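K.L.:
Supplied in structure tokens, the structure appears directly below.
The values are calculated or read from the model by the stated rules, or taken from the named source; none is laboratory data. All values derive from a computational prediction rather than experimental measurement. Cβ coordinates were reconstructed from backbone atoms using ideal geometry, including for glycine residues, and neighbour counts include every protein chain displayed. Ligands, DNA and RNA are stripped out before the accessible areas are found, and what is left, the full protein with its side chains, is counted by its heavy atoms. Shrake-Rupley method; radii C 1.70, N 1.55, O 1.52, S 1.80 Å.
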Amino acid sequence: MILTRRMALAGAAGLAGGLAPRAGSAEEMAGFPSRTAFIVVPFPPGGGTDVFGRLLAMHFGAAWRQNVVVENRSGAGGRIGTQAVQRAPADGHTLLIGTTGTLLAMAGPGGDRPFVSRDELTPITLITAPGYVVTVAPSLGVRTVAELISEGRRRPGGLAFGSSGAGAVSHLAGELFAAMAGIQTLHVPYRGTGPAVADLQGGRIQVMFAPPQTVAGPVAAGQLRNIAITSERRSALTPDLPTVAESGLPGYAAVGWFGLFGPRGMPGAVASRIHRDAARALERPENRERLAALGAEPEPMEPDAFASHVDGDIARWQRLVRERRIQLE
């Protein structure tokens, strides 16, 4: 079950105060789950990360017959919530919904610190890794990636593209596009995708690499146009939308993943149990529908495979950050 807010506030006192020190007897580990569990979402309520946390909390509560509390601990680009989980006991009762951007930020502002996910956290499972959509205003007059690249080459100052902030996938996807296409771009960071979408509609920027759900309304109304998806393969949710790679920029791929983590050093048996329960939750029809509404498909992954996926993806983005001299927030 999920606690009511009154119960959550009472039970979360230790979490809100900085979490208990890392500890846990063998009996505690073997008895998982044995008490209230917490899923830390390092962003405010209402976003996709929060939806994933609440979806898993609902399922875990029923499967474990324990209370499961979603704790929104936002700030510093996700670092506050992430650091809280790092300080928690590694017994499976405190978990984190982590994202590409939150873990990339842990590698230093210039992407220059070696990063190994298991040195920082315990990777448990991938939740989803949705592609972003390349979105333009119809007034720009482009319908394909090839045409967008040609437009970028014609503009002396390059294309202005908006993002939800420095280091976000909506930013890095645009930087990767510019680097591979050999065009100039001007990055315009915003505090969230909402203001960026408004400026795209108003013609103050020319393009966005956006989470699909953030532009769904304007696209349906004909105010914006999706010309491609940034994933390696077409999405089953938008099968008619070509990939960037197949429509003008071969080899391009950029996704923003969401995953479930625990504190570093969690016993393998506990991580495997949580992975299995998360996979069952993600495959439930009603939860697949909730993910589809966010432009996402469930992609559960075994802990070892997920750790390798995270390390490889972060290393890839670190190279881009260094090459483009990007300063992460």
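K.L.:
What value, in deg cm²/dmol to 500, does the helix sum -39500 (n - 2.57) over DSSP H runs of n ≥ 4 give at 222 nm once divided by the residues of the chain?
P.N.:
Helix-only estimate at 222 nm: -12500 deg cm²/dmol.
K.L.:
Take the Cα atoms of the range 62-195, build their convex hull, and give its volume per residue in Å³.
P.N.:
162
K.L.:
Just to confirm the number: angle between the C-alpha axis of helix 303-324 and the first principal axis of the chain, 0 to 90 degrees, nearest 10?
P.N.:
40
K.L.:
Taking the alpha-carbon set of the chain, what are its Rg and Dmax in Å?
P.N.:
20.2, 67
K.L.:
Continuing with the same structure: What does the charge dipole of the range 282-329 about its Cα centre add up to, to the nearest 20 debye, if the Cβ of each Lys and Arg holds +1 and the Cβ of each Asp and Glu holds -1?
P.N.:
For this selection, approximately 400 debye.
K.L.:
I've got another one for you. Under a 5 Å amide H to amide H cut-off, with H placed in plane at 1.01 Å, what residues pair with Thr243 once short-range neighbours are removed?
P.N.:
Distant-sequence amide H within range of Thr243: Ile229.
K.L.:
Quick one: what are the phi-derived ³J(HN,Hα) couplings along the range 214-227, Karplus 6.51/-1.76/1.60 with θ = phi - 60°, whole Hz, x for glycine and proline?
P.N.:
Running phi through 6.51 cos²θ - 1.76 cosθ + 1.60 with θ = phi - 60° gives 6, 10, 4, x, x, 5, 4, 7, x, 7, 9, 9, 8, 10 Hz.
K.L.:
In whole angstrom, how long is each semi-axis of the equivalent ellipsoid of the range 170-235, when you take the square root of 5 times every eigenvalue of its Cα gyration tensor and sort them from largest down?
P.N.:
19, 16, 11
K.L.:
Using a 1.4 Å probe, what is the accessible area per residue for the chain, in Å²?
P.N.:
Per-residue value: 42 Å².
K.L.:
If amide hydrogens are placed 1.01 Å from N in the peptide plane, which non-local residues have theirs closer than 5 Å to the one on Ile127?
P.N.:
For Ile127, the qualifying residues are Phe258, Gly259, Leu260.
K.L.:
Placing +1 at every Lys and Arg Cβ and -1 at every Asp and Glu Cβ, with all other atoms neutral, what dipole size does the chain have around its Cα centre, in debye to the nearest 20?
P.N.:
So the dipole magnitude of the chain works out to roughly 560 debye.
K.L.:
Under a 5 Å amide H to amide H cut-off, with H placed in plane at 1.01 Å, what residues pair with Asn72 once short-range neighbours are removed?
P.N.:
Val41
K.L.:
Among Leu148, Ser235, Leu56, which residue has its Cα furthest toward the positive end of the charge dipole of the chain, with +1 on Lys/Arg Cβ and -1 on Asp/Glu Cβ?
P.N.:
Farthest towards the positive end: Leu148.
K.L.:
For the range 154-274, restrict the atom set to alpha-carbon positions and state the Rg and Dmax in Å.
P.N.:
When restricted to Cα atoms, the range 154-274 yields Rg and Dmax of 16.9, 57 Å.
K.L.:
Can you pull the percent of the range 209-315's accessible area that's carbon plus sulfur, 1.4 Å probe, other chains left in place?
P.N.:
Here it works out to 51 percent.
K.L.:
Per-residue HN-Hα couplings for the range 59-71, Karplus 6.51 cos²θ - 1.76 cosθ + 1.60 at θ = phi - 60°, whole Hz, x for Gly and Pro?
P.N.:
Listing the rounded values in order: 6, 4, x, 6, 5, 8, 6, 9, 6, 10, 10, 8, 10 Hz.
K.L.:
Between Ala292, Ala315, Ile274, whose Cα lies farthest towards the positive end of the dipole of the range 272-329 when Lys and Arg beta carbons carry +1 and Asp and Glu beta carbons carry -1, centred on the Cα centre?
P.N.:
It is Ala315, whose Cα lies furthest towards the positive end.
K.L.:
Quick one: helix 145-154 against the long Cα principal axis of the chain, what's the angle to the nearest 10°, folded into 0 to 90?
P.N.:
With both axes taken from Cα atoms, the answer is about 60 degrees.
K.L.:
Show Met106, Met58 ordered by accessible area, largest first, where the area counts protein heavy atoms only and the probe is 1.4 Å.
P.N.:
Met58, Met106
K.L.:
Give, as ranges by residue number, the residues of the range 132-149 whose backbone N falls under 18 Å from the point 7 Å along Cα→Cβ of Ala221.
P.N.:
135-140
K.L.:
Give a residue-ordered list of calculated ³J(HN,Hα) values for the range 120-127 (Karplus: 6.51 cos²θ - 1.76 cosθ + 1.60, θ = phi - 60°; whole Hz; x for Gly, Pro).
P.N.:
With coefficients 6.51, -1.76 and 1.60, one gets 10, 8, 10, x, 10, 6, 6, 9 Hz.
K.L.:
Still on this structure: How high is the FRET efficiency between Val116 and Glu246 when r is their beta carbon distance and R₀ equals 51 Å, given to the nearest 0.05?
P.N.:
Working from the Cβ atoms, E equals 0.90.
K.L.:
List the pair-distance distribution P(r) of the range 244-300, using every Cα-Cα distance, as the percent of pairs falling in each 10 Å bin from 0 up to the bin containing the longest distance, rounded to whole percents.
P.N.:
19, 34, 29, 16, 3
K.L.:
Separate question: Per residue, what volume in Å³ does the convex hull of the Cα atoms of the range 70-113 enclose?
P.N.:
Residue-normalised Cα hull volume stands at 77 Å³.
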